[in-house]
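*Asks:* Would you mind keeping the following structure in view while I ask a few things?
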Amino acid sequence: MKTKDIVIIAMFTAFIAMLAFIPPIPLPFMPVPIAFQNTGIMLAGCLLGYKRGTLSVVIFLLLVAVGLPILTGGRGGLGVFFGPSAGYILGYPLITFLIGYFIDIKWKKLTFVYVLIINIVIGVLLLNLIGGFVMGEFMNISISKRYIFAATFLPGDIVKAILTTMLLFSLKHIPEIKRIRNS
C-alpha cells in the first residue's frame, strides 16, 4: 500500500468520525437515534472501493473500541458494541465492503440508477435488517415489531442513499479519486 493510499484511508476515517458532530435525532419509542454517520459508511464504499473503504471503516471502529467518542452522540468504547445500536455499528464494515465491491465491478460504466439501487439495497435495507434485528433483541420485542421500528429509518436513509449517490457522481472525476479507483 502506498503512502497516498494510507493518507486517503486515514482522511476518510476522519471524515466518518466528523459526521458524529451532526447531532442525532432521538426517537422516544426506541433506543437507536436517527444518525447521519451511515452516509459516510456508504460513501466510503462508493469512493474508495471495497478494500480501502472497508479498511477506513474498520480503523474507525477500532478507534471507537479504544474509547474515542466518535460515534453519533459522542459515544465510544467497547460498550457500544454490546448495546441496541450494535447491529448497525457492526454492520458498517460489511455494508462498506459490499457497496464497494458492487461499485468496483462497474466503476468504468457506472450509472446513477445502478449506484442508487446498490446504496438502497445494501446501505439502507441490509443495514436496517441487521441493525433492526439486533436492536429488537435488546428491546426484547417480536421480529415483526423490530422491523416496524427499523422501518422508521427508511425514509431518511433513502434520502442519504440519494445524497451519497449524488456525491459519488460529483466527486468521481476528481483526479485523486480516479487514481484510487484505477489502482
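*Asks:* Net charge near L168, counting Lys/Arg +1 and Asp/Glu -1 over other residues with Cβ under 13 Å of its Cβ?
*Replies:* On the way: positive: K106, K160, K172, K178, R181; negative: D104.
In short, +4.
*Asks:* Taking 0.36 nm per residue of separation and subtracting the Cα-Cα distance, what length does fully extending T3 through S142 add? Write out the running numbers ahead of the final one.
*Replies:* Details: separation 139, 0.36 × 139 = 50.04 nm, distance 4.86 nm.
Here the answer is 45.2 nm.
*Asks:* Residues with amide H under 5 Å of V32's amide H, sequence separation 5 or more or different chain, H placed in the peptide plane at 1.01 Å from N; which?
*Replies:* none
*Asks:* Still on this structure: Between region 14-37 and region 138-173, what's the alpha-carbon centroid distance in Å?
*Replies:* Each part reduced to its Cα centre gives a spacing of 12 Å.
*Asks:* Label region 130-183 by shape, choosing from rounded, prolate and oblate, from the square roots a ≥ b ≥ c of the eigenvalues of the Cα gyration tensor; if a/c is under 1.5 it is rounded, and otherwise prolate applies when a/b is larger than b/c, oblate when it is not. Write down the numbers at each step before the final one.
*Replies:* Numbers: a/c = 6.52, a/b = 2.78, b/c = 2.34.
Here region 130-183 falls in the prolate category.
*Asks:* Now a separate question. Can you list the residues of region 1-40 with backbone N under 18 Å from a point 7 Å past the Cα of V66, pointing along Cα to Cβ?
*Replies:* Under 18 Å, as judged by backbone N against the label point of V66, lie 6-18 of region 1-40.
*Asks:* Continuing with the same structure: Within the set K4/K160; K2/K51; K109/K172; K2/K178; K2/K160, which residue pairs have Cα atoms separated by over 22 Å? Mind dumping the intermediate values first?
*Replies:* On the way: K4/K160 28 Å; K2/K51 13 Å; K109/K172 12 Å; K2/K178 15 Å; K2/K160 31 Å.
Violating the 22 Å Cα-Cα cut-off are K4/K160; K2/K160.
*Asks:* In addition: Under 8 Å for C-alpha pairs, at least 6 residues apart: give me the relative contact order for the chain, rounded to a whole percent. Walk me through the intermediate numbers first.
*Replies:* Working: 264 pairs, mean separation 42.1, N = 183.
The value is 23 percent.
*Asks:* All other residues with a Cβ under 15 Å from the Cβ of A35 taken together, and with Lys, Arg as +1 and Asp, Glu as -1, what is their net charge? List each step's numbers first, then the result.
*Replies:* Numbers: positive: R75, K160; negative: D157.
Counting the neighbours of A35, the net charge comes to +1.
*Asks:* Counting Lys +1, Arg +1, Asp -1, Glu -1, what net charge surrounds K51 among other residues with beta carbon under 12 Å of its beta carbon?
*Replies:* Working: positive: R52, R181; negative: D5, D104.
Charge balance in the 12 Å sphere: 0.
*Asks:* Given axes a ≥ b ≥ c from the Cα gyration tensor, I'd like to know whether region 5-54 is rounded (a/c under 1.5), prolate (a/b larger than b/c) or oblate. Present the calculation step by step, with values, prior to reporting the outcome.
*Replies:* Numbers: a/c = 4.02, a/b = 2.32, b/c = 1.73.
Prolate, since a/c reaches 1.5 and a/b exceeds b/c.
*Asks:* Rg and Dmax in Å for the chain, alpha carbons only: what are they?
*Replies:* 15.9, 49
Only the coordinates and a few stated rules stand behind these numbers; no lab work does. Keep in mind that this is a model prediction, so the values were computed, not measured. Cβ atoms come from the backbone with ideal geometry, glycine included; neighbour counts cover every protein chain shown.
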